[in-house]
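One structure is given here, and the rest of the page talks about it.
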Ligand SMILES: [Zn+2]
């Protein structure tokens, strides 16, 4: 689908009919006009978030920003916050057809690009910020921080509430927020299932978990969760914002049920924010596939934990982006100014599955008289990251569908199909993937198996190779400090027996 945000007061009717004429996608076009003089930055930011909420972006979607003239603040917002969206800025020109031809040209240049391939391997990415290279190098050195601009952007972000993101129009599906009184019981339950919530509710749950652990920070937590959401590729089937909120909730649950493990507020925040961003900018591929890119490794300087290093760089970018300001009240600043980057880096690197066996050995040899907490924090985020198989069966099966579907995109990167365009036609007009008119969260276990028959075997494989020994050891070592680990292993064993029985039928 093509999304157009047009910032002008002139010739709106002509522009609209010309844009509708481009029509190269059966899902049609989404055109929004913004007033260049009143609240532009805020309205622009809200529109981009609404596109993310209402249209689950497909890998072949395009976003065009049409401007009368250059606007530094808009360029800055795109580069700093929406760097993962496929955004083209085009200038409206008096000359007849100039703008439309430019859009057509961009579309035709783009059409053969397999973006998944592009963002995993490409070293160039001029029209947008879609490649992993851009993330790493523009963040480390490229984009100059402009302090006056930063404070305008932050003020804009802090002024946005979840209510602002709701579209009140009959054309759109109604997105409702969750009842405030139900939030506490939702986030403190291991039966939590992200797949049953819409994206607006996921934002709400993320904000709730952050602000619950640091008082009086609603506004700040909102800005942080919104920016975090924008740093996940929406078209990944598994490594997306659903997984981020799932790991955030699991991390919150495991440290809240762990006796006296985390009492320091700053460490709590470090754990939670690291969980929220632990897979940010995930390319939808994996480290082994990325290692095929020799240029990347040369620039990167290492073959170790490429993706995890990327996630940590994105986290650093986001937090530094949000801390240096004079706009915040002192207590809000505390949320991030004491963020522990050293601990966060260790936590995120601990999620690299290549290190799984080494962690298992450490866990086996763990001496219970050890008073050091960092190892336990690492075990928490690692457990949270692979905890899908320890949730109740239905949630577990739905996550299994997600991971099977993401594996199919890995195949695209390894087969000769590399240059084919990825398509997504099994979506509704809002880009939501549906199964018999239902969303993933509405599917029963039986539906999940019908949809992805490979799910039985892949669940058995994951439990046998990674999860069973890890969670059993974790329970045995720490049962006296955290009784909730017992339930995780009970679920895991139940799920395993179910999948084994199904596989033998
Ligand atoms: Zn993860």
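Just so it is clear, none of the values below were taken in a lab; they were calculated from the coordinates. Predicted model, so just to flag it, every value in this text is computed and none were measured. Backbone-built Cβ (ideal geometry, glycine too); neighbour counts: all protein chains shown.
How would 106, 165, 271 line up from fewest to most surrounding beta-carbon atoms within 10 angstrom? Present the calculation step by step, with values, prior to reporting the outcome.
Working: 106 15, 165 21, 271 26.
With the fewest neighbours first, 106, 165, 271 line up as 106, 165, 271.
Of 379, 149, how do they rank once you tally other Cβ atoms within 10 Å and put the fewest first?
Working: 379 22, 149 16.
Ordered from fewest to most neighbouring Cβ atoms within 10 Å, 379, 149 come out as 149, 379.
Gyration tensor analysis over the Cα atoms of the stretch 205-355 returns equivalent ellipsoid semi-axes of 27, 17, 15 Å (largest first, whole Å). In the chain, the inverse of the mean reciprocal separation of distinct Cα atoms equals 23.8 Å; this is its Kirkwood hydrodynamic radius. With the helix formula -39500 (n - 2.57) applied to DSSP H stretches of n ≥ 4, the chain reaches a computed 222 nm mean residue ellipticity of -16000 deg cm²/dmol. Please give the helix 241-256 orientation as an angle from the longest Cα principal axis of the chain, in degrees from 0 to 90, rounded to the nearest 10. The angle comes out near 40 degrees. By other beta-carbon atoms within 10 Å, ranking 182, 484, 274, 369 with the fewest at the front produces 369, 182, 484, 274.
Rounded to the nearest 10 degrees, the angle from helix 306-323 to the longest Cα principal axis of the chain is 70 degrees.
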